[in-house]
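Remarks on the structure that follows.
The values are calculated or read from the model by the stated rules, or taken from the named source; none is laboratory data. From a predicted model like this one, the values you see are computed outputs, not experimental measurements. Cβ placement follows ideal geometry from the backbone for every residue including glycine, while neighbour counts extend to all protein chains displayed.
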Amino acid sequence: MSTAKTTPPLELHACLGLNACKGHDRFGTNTCAGMGACATSQAHSCHTLNNCRGQGGCGLYGTAEEQNRPGNNPCAWQGSCAVPINAERISTDGSNQGRSVWMRARAVFEERMQQAQRTFGEPPQQLTTGVVTDTTVYNTAEGPPAAWLDATMPGGYTACGASGLSGGGSCI
Amino acid sequence: MAAKKPFLTPAEVTALQAHLQTALDVELSTVPIYLYTYYSINRSPSWDDDAKAGDTLATFANKAGGVIMSVAVEEMLHMSLAANILRAIGGKPKVYGRSPATFPTNLPHHKKLGPDGTPYSFGLSKLSADQLEKFLEIEQPEQPGGPQEGNNWQTLGQFYDYVTEQIKRVNPDVFARHAGTQLQEASGYYAPNNVDTIYPKNAFWVKKSKSPTAAHPSAETAKQAQFTNNQDSGNIRVIRTIDDAIKAMTIIKHQGEGYAVTDPRHEGDDKQDNEDSHWYRFNVLHQACSRKGSVIRTHLDHALFSCFVANPTRQMWSTETRGASDPVIDLVNAVYAYLLLMTEVSYTLQGPAQHTFFYIGMHKGMIFVLDKLIGNMRYGSSYPAGFGSTAFQGLAPTFESYRFSSRQNARSELTALADQVHASVPQVCDANIWQRIHDLPDVHVPTGSPITFGSPTSL
């Protein structure tokens, strides 16, 4: 895939498929809302480290309420977990407990777009890393796999917690 | 019909406040004991990775970690519930300086001698069958018909029965006066589960590379995840009535020793029997640890950090490292003391100020400062050459009492320690942890002042 940045990201969001505008993903190349390949907000590994509204992930720590609105936190430090949201991650608390965090984030995003009467597209279903030696086609239909994030993010990807059940490694 | 007992006199209310402070102290005393054992565990040990035995050990280690953390989380809830009741009847919860100053220790106002005539003594120790026996003593269920005991209590259940009976005699008018400065419900102060309280069915799954082409990657995680705490087993509640207080006491008692005093297994902590009591959880771990000839019993040390000796002290580490460890140990103890200070101050705040202070301050402090500092200090590789003796393999926390010179100076003294450790042992207090310590709110809160943090963009 091309990683040439064509549009500076104006909207900072938490993950693949959660962008509200054209050209607002990490690579600046997406053609429509909801079709971005990755987060534009500052990557972070854990709860309360989001810089601003809508920039937090979810699922590993945090309250039931926070975990029910991944990517749509109301304020700085009220995001519930690491960004970007890897596909393996499940919510640990709340009504989404035991289910995909990214899928919940996408549902919250779609609801927000519908309320704003905006059209949006399907998220990328498959991605490659752009690394010449890596011919893997990653399935991103339910969010970006940790392996794809690790290969494409500067410094790699880490999510938090000690149990290893983040799917994105461990920070302790 | 028996005559209704009179309301407690002011002197009796004062005595009840002291009992509720004891309840808070008891719950708080268990936290460092449980946390120390928790941090002694490497939840992803690499011993004998390719063999079934290695997988058995790793699975047990990860489960033990999840179970112990799940209990520690509920002990923190119990402390908050006791504090809310105390606040409801006009008391001021004291938290700073109430954790045991040194170890081993008995629990506050606990009977001195156990059934076998030996003194009750609870210490900081790595995970072992012996330590789990101590955990079982802490959570020991009361016998059916056990007498209520306000002091010199045999089991926590008997102590809480006594406190509950006293609560029933408080004038109900007292309860509505102090709701605002209790820790508020529906504020997210207590989440039953997080990524540290859960554990995988099989540790090998955690280590295995995940398929980049899996159709439903989260479903694979969900199949593995074991949730220790239930979402409906009890949560923080504001105490506005006697009934609220009784329900809170019931949550504390049942989560610890089980729902039914008459159930010899003491398994479920609620009517639905869908969350295990603390005693039952520890008993399951104890059985696994003590089975003769088992892989877990024989090889448990391979899943533990070797620096987790029994009841370490600042002095002991100082001798081993010729004083180099002092700032590290001081920082960890100061962070722990600061968490207690933040908790205590939260009971003087209301609304958004309390939420910002307790939830974000405490959460950042507990999970992103204390957890990460202890996580890092366990590795000998975190320290510069010559830090300790040639056998030095890292530091374990001591959880000794740390006193700031004053509340006004507490934050600056804490950040000065962070600066020192960040400069001398940056792999223990790395830039992230250092910044998070600097972001903690000031516990010296002049009346009416806004609660401020560092700039989020600095994270």
Subject >> Checklist (1) under 20 Å from B:Gly123 (Cβ atoms); (2) touching a helix residue (DSSP H, G or I) at 6+ places or on another chain (Cβ under 8 Å); (3) surrounded by fewer than 16 Cβ atoms within 10 Å (Cβ to Cβ) applied to B:Met316, failing item >> reply: (2)
Original post:
Taking the range B:182-210 only, how many residues are more than 8 Å from every other protein chain (Cβ to nearest Cβ), assigned to a loop (DSSP other than H, G, I, E, B) and within 28 Å of B:Ala53 (Cα to Cα)?
Top reply: 3
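Each row is one residue, and each column tells you yes or no for (1) of a type outside the set (A, V, I, L, M); (2) within 14 Å of chain A (Cβ to nearest Cβ); (3) part of a helix (DSSP H, G or I).
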| site | (1), (2), (3) |
| --- | --- |
| B:Leu341 | no, no, yes |
| B:Glu344 | yes, no, yes |
| B:Val369 | no, yes, yes |
| B:Ser381 | yes, no, yes |
| B:Gly388 | yes, no, no |
| B:Thr398 | yes, no, no |
| B:Ala416 | no, no, yes |
| B:Asp419 | yes, no, yes |
| B:Asn432 | yes, yes, yes |
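Scan B:Leu331, B:Leu340, B:Leu304, B:Leu300 and give me the residue that is farther than 24 Å from B:Glu400 by Cβ and in contact (Cβ under 8 Å) with a residue 40 or more places away in the chain.
Numbers: B:Leu331 fails: farther than 24 Å from B:Glu400 by Cβ; B:Leu340 fails: farther than 24 Å from B:Glu400 by Cβ; B:Leu304 fails: farther than 24 Å from B:Glu400 by Cβ.
Selected residue: B:Leu300, the only one of B:Leu331, B:Leu340, B:Leu304, B:Leu300 that is farther than 24 Å from B:Glu400 by Cβ and in contact (Cβ under 8 Å) with a residue 40 or more places away in the chain.
Every residue, every condition in (1) touching a strand residue (DSSP E or B) at 6+ places or on another chain (Cβ under 6 Å); (2) free of Cβ contacts under 8 Å to residues at least 40 places away in the same chain; (3) of a type outside the set (Phe, Trp, Tyr), yes or no:
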{"position": "B:Phe227", "(1), (2), (3)": "no, yes, no"}
{"position": "B:Asp244", "(1), (2), (3)": "no, no, yes"}
{"position": "B:Met249", "(1), (2), (3)": "no, no, yes"}
{"position": "B:Asn274", "(1), (2), (3)": "no, no, yes"}
{"position": "B:Trp279", "(1), (2), (3)": "no, no, no"}
{"position": "B:Leu285", "(1), (2), (3)": "no, no, yes"}
{"position": "B:Ala288", "(1), (2), (3)": "no, no, yes"}
{"position": "B:Arg291", "(1), (2), (3)": "no, yes, yes"}
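Sort out which residues of the range B:279-294 are surrounded by fewer than 15 Cβ atoms within 10 Å (Cβ to Cβ) and modelled with pLDDT of 95 or more, and write them in order of number. Please lay out each step first, then the result.
We begin by selecting, within the range B:279-294, every residue surrounded by fewer than 15 Cβ atoms within 10 Å (Cβ to Cβ); these are B:287, B:291-293.
B:Gln287, the sole residue that qualifies.
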**OP:** Filter the range A:84-100 for residues that are more than 7 Å from every other protein chain (Cβ to nearest Cβ) and among the β-branched types (Val, Ile, Thr) and give the result.
**Re:** A:Ile85
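Just one of B:Glu137, B:Glu133, B:Glu165 is more than 14 Å from chain A (Cβ to nearest Cβ), acidic (Asp, Glu), part of a helix (DSSP H, G or I) and touching a His at 6+ places or on another chain (Cβ under 9 Å); which is it? If you could, list the steps in order and put the result at the bottom.
Numbers: B:Glu137 fails: touching a His at 6+ places or on another chain (Cβ under 9 Å); B:Glu165 fails: touching a His at 6+ places or on another chain (Cβ under 9 Å).
That would be B:Glu133, the only listed residue that is more than 14 Å from chain A (Cβ to nearest Cβ), acidic (Asp, Glu), part of a helix (DSSP H, G or I) and touching a His at 6+ places or on another chain (Cβ under 9 Å).
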Original post:
Listed residues B:Thr313, B:Thr356; which is touching a residue at least 40 places away in the same chain (Cβ under 8 Å) and away from chain A (no Cβ under 14 Å)?
Top reply: B:Thr313
Original post:
Is it the case that B:Ala324 is in contact (Cβ under 8 Å) with a residue 40 or more places away in the chain, in contact with a Gly (Cβ under 9 Å, 6 or more places away or on another chain) and not in a helix (DSSP H, G or I)?
Top reply: yes
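When residues of the range B:234-265 are filtered for being of a type in the set (Ser, Thr, Tyr) and closer than 27 Å to B:Gly90 by Cα, how many remain?
Taking the range B:234-265 first, the residues of a type in the set (Ser, Thr, Tyr) are B:241, B:250, B:259, B:262.
Cutting the leftovers down to closer than 27 Å to B:Gly90 by Cα gives us B:241, B:250.
Adding up the residues that qualify gives 2.
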Original post:
Can we say B:Pro397 is under 14 Å from B:Leu331 (Cα atoms) and crowded, with 23+ Cβ neighbours inside 10 Å?
Top reply: yes
**OP:** Can you tell me which residue within the range B:215-229, out of those that are outside any helix (DSSP H, G or I) and surrounded by fewer than 17 Cβ atoms within 10 Å (Cβ to Cβ), is nearest to the chain's Cα centre (by Cα)?
**Re:** B:Gln226
Original post:
Do we have any residue at all in the range A:103-112 that's within 12 Å of chain B (Cβ to nearest Cβ), hydrophobic (A, V, I, L, M, F, W, C), in a helix (DSSP H, G or I) and free of Cβ contacts under 8 Å to residues at least 12 places away in the same chain?
Top reply: no
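Residues are listed down the side, and each one gets a yes or a no for (1) surrounded by fewer than 18 Cβ atoms within 10 Å (Cβ to Cβ); (2) free of Cβ contacts under 8 Å to residues at least 24 places away in the same chain:
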residue	(1), (2)
B:Val170	no, no
B:Ala179	yes, no
B:Gln184	no, no
B:Gly188	no, no
B:Ile198	no, no
B:Asn202	yes, no
B:Ser209	yes, yes
B:Pro212	no, yes
Original post:
Quick one: which of B:Ala225, B:Ala179 is under 29 Å from A:Ser95 (Cβ atoms) and within 12 Å of chain A (Cβ to nearest Cβ)?
Top reply: B:Ala225
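What do you reckon, is A:Ala116 of a type in the set (Gly, Ala, Ser), at the interface with another protein chain (Cβ under 9 Å from one of its Cβ atoms), surrounded by fewer than 24 Cβ atoms within 10 Å (Cβ to Cβ) and farther than 27 Å from B:Ser70 by Cβ? Break it down stepwise before answering.
Numbers: of a type in the set (Gly, Ala, Ser): yes; at the interface with another protein chain (Cβ under 9 Å from one of its Cβ atoms): no; surrounded by fewer than 24 Cβ atoms within 10 Å (Cβ to Cβ): yes; farther than 27 Å from B:Ser70 by Cβ: yes.
No: the conditions fail for A:Ala116.
Condition test on A:Val132, is it among the hydrophobic types (A, V, I, L, M, F, W, C) and either touching a His at 6+ places or on another chain (Cβ under 7 Å) or loosely packed, with under 14 Cβ neighbours inside 10 Å (or both)?
On the way: among the hydrophobic types (A, V, I, L, M, F, W, C): yes; either touching a His at 6+ places or on another chain (Cβ under 7 Å) or loosely packed, with under 14 Cβ neighbours inside 10 Å (or both): yes.
When the stated conditions are applied, A:Val132 passes them.
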**OP:** Just need a number here: residues in the range A:140-172 that are within 9 Å of another protein chain (Cβ to nearest Cβ) and either touching a residue at least 24 places away in the same chain (Cβ under 8 Å) or part of a loop (DSSP other than H, G, I, E, B) (or both).
**Re:** 16
